[in-house]
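Below is one structure; the comments refer to it alone.
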Amino acid sequence: MIYFDNAATTPLDPEVKEAMLPFLHHYGNPSSKYYTAAEEAKEAVQVARSSVADLLGCEPEEVIFTSGSTESNNMIIKGVADTHWGTGKRFITSSMEHSSVLEVASYLTTKGLQVDLLKVDNKGVVPPELLSATLDRNAKDTFLVSLMWGNNEIATLNDIIPLGNLCKQRNIPFHTDATQVVGKVPIHLKDLPVQYLSLSSHKIHGPKGIGAAVLRKDELGIRPPLTPLIHGGGQEFNLRSGTLNVPGIVGFGKAAEIAKRDLESTQRQILALESYATHKIKEHFSSIVSFNSPSGEKLPGIINIRFKGIHNELLIKKLSPYVALSSGSACSSSKPSHVLQSIGCSLDEVRSSIRISLSKFNTIEEIDQFIAILRG
């Protein structure tokens, strides 16, 4: 099986598996005290937290472990919104966001809050001038802006610095879903105008079911106010209660360590694979293929294409014994892509589009095999 669905989830890195194995048998609860097993588990969590923070360029105490980006997005948006229920205050996001942001936005409206969905341009990017104009009209009423950093379907990159600065200038908190960006481009949160960030382990060759919400401290070392999504035993600095998933956290930490260590070489490798795949697709299917992904600056490794006259679901099903592909986000697989519709694709164009997403474990030989299968 050729695996080209890495934007949905990535294979577990063998180094990550090795790091996790001892903790599958290690039963210490890191929230317990004094005895050896508990202290060892606590130390392992601290090491992992530091590794994630090092990858992101933030402080370890700013990293709150969650079950993944979907929970982190919910925790952050609902947690910031909590003190504004029924006030008519405003939440700003875009039409391109992941479903875990868009569905929360819809939920907010049932609680008496306003939602502005910013339109993107034909490349799938939120123009800073559009956000600026929206904030000029509504800055006093806006309690949070949430815009994804890199898109999981077409690989566009929002320019986070000007977008975040527009919010910072008006003293409005800014959140970004960085799930697809982490491990693919350098991140230095200490230099970015970002208060909240979401990420998942399984997008960087770590285990599923673990991720983080990053809550940046202010100049006085104080975290921004946030109502916990889960109350209980006070774990994760009283922000996310529940017994910690130590094996998952250890795996996440190791995946973060590897991602930082190998960032440049991994980026070069994936860009080379993407360039080769793009060339081969154009060479053999130029008469029927179009590219939905932008040709300029983009996330490495994601290629979204459409084949004229071919139904994507039928194609993916036909190829499924040999190649793992998708038509878009795994979290919205039963619906036509709202991302492609946001950039102006018709329903027919959406239904003829597929996403190829590559990782460091893919090879040139797999791309050649894929092209041969498509041609066959």
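Scanning the stretch 103-132 for residues that are of a type in the set (Lys, Arg) and surrounded by 13 or more Cβ atoms within 10 Å (Cβ to Cβ) yields LYS111, LYS123.
Select from the stretch 56-100 the residues that are free of Cβ contacts under 8 Å to residues at least 40 places away in the same chain and not in a helix (DSSP H, G or I) and list them in ascending order. Within the stretch 56-100, TRP85, GLY86, THR87 meet the criteria.
Looking only at residues that are surrounded by fewer than 21 Cβ atoms within 10 Å (Cβ to Cβ) and assigned to a helix (DSSP H, G or I) in the stretch 136-161, which one is modelled with the highest pLDDT? For the stretch 136-161, the residue satisfying everything is ILE161. The number of residues in the stretch 263-287 being within 23 Å of the chain's Cα centre (by Cα) and surrounded by 16 or more Cβ atoms within 10 Å (Cβ to Cβ) comes to 7.
Against the numbered list (1) in contact with a helix residue (DSSP H, G or I) (Cβ under 7 Å, 6 or more places away or on another chain); (2) under 18 Å from ALA8 (Cβ atoms), ARG375 comes up short only at (2). Taking first residues from the stretch 207-234 that are loosely packed, with under 11 Cβ neighbours inside 10 Å and partners that are at pLDDT 95 or above, the Cβ contacts under 9 Å between residues at least 6 apart in sequence or on separate chains come to ASP218/GLN195; GLY221/GLU59; GLY221/GLU61. For ALA53, the conditions (1) touching a residue at least 40 places away in the same chain (Cβ under 8 Å); (2) touching an Asp or Glu at 6+ places or on another chain (Cβ under 8 Å) are fulfilled apart from (1). Based on what the data block shows, is LEU24 assigned by TED's automatic domain parsing to the domain that holds PRO128 and buried (at least 22 other Cβ atoms within 10 Å of the Cβ)? When the stated conditions are applied, LEU24 does not pass them.
In the set SER359, SER326, SER342, SER290, only one residue is farther than 26 Å from GLY183 by Cα and under 20 Å from the mean Cα position of the chain (by Cα); that residue is SER342.
When the criteria are applied in full, HIS202 meets the requirement of being closer than 25 Å to SER146 by Cα and not in a loop (DSSP other than H, G, I, E, B).
Residues that are of a type in the set (Gly, Ala, Ser), modelled with pLDDT under 95 and touching a His at 6+ places or on another chain (Cβ under 8 Å) do occur in the stretch 18-39.
The values are calculated or read from the model by the stated rules, or taken from the named source; none is laboratory data. Predicted, not measured: the structure shown is a model, and the values here were computed from it. Ideal geometry is used to build each Cβ from the backbone, glycine not excepted, and the neighbour counts take in all protein chains shown.
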